[in-house]
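See below for the structure under consideration.
What follows draws every value from the coordinates through simple rules; no lab data is involved. What you are looking at is a predicted structure, and each value in this text was computed from that prediction instead of being measured. Cβ sites come from the backbone with ideal geometry, for glycine too, and all protein chains shown count toward neighbours.
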Amino acid sequence: MFCGARTRTGGRCQRYPLAGKRRCLLHGGKSTGPRTVEGLSRTLSALWWGRKRYVEQRHSMGLPAAGGRPASIRSGEGGVDMVGRAMAAIDRELETLPTAEWPVGELTPAELLRET
């Protein structure tokens, strides 16, 4: 397996990647990512704006942009509200469970903890 990063001549890098990585030392295999909150925010901002430019470019060409959540699970856009469905399923399941009745003379676990 090789690094595979695209070179300036248009070919692919033939160096071996660093252990546990996909790229060689010259093409970012030694990168640890942003080390500060400022660096992380700059990185996330660049990712967000780059994605926005990509989507706008694809839409201007009349092509769909890859990625994102499918419309069938997006909430608020006519799709299915997954959180609401999950909560309803949990409520239905809880209704089927038997309830435990504590004898009148005995203390509940919460009361036992409170008294110690």
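Give me the distance in nm between label points sitting 7 Å out from Cα along the Cα-to-Cβ direction at residue 21 and residue 94, one decimal.
With each label point 7 Å from Cα toward Cβ, the separation is 4.9 nm.
For the pair residue 87/residue 32, report the inter-label distance in nm, with labels modelled 7 Å from Cα in the Cβ direction.
4.3 nm
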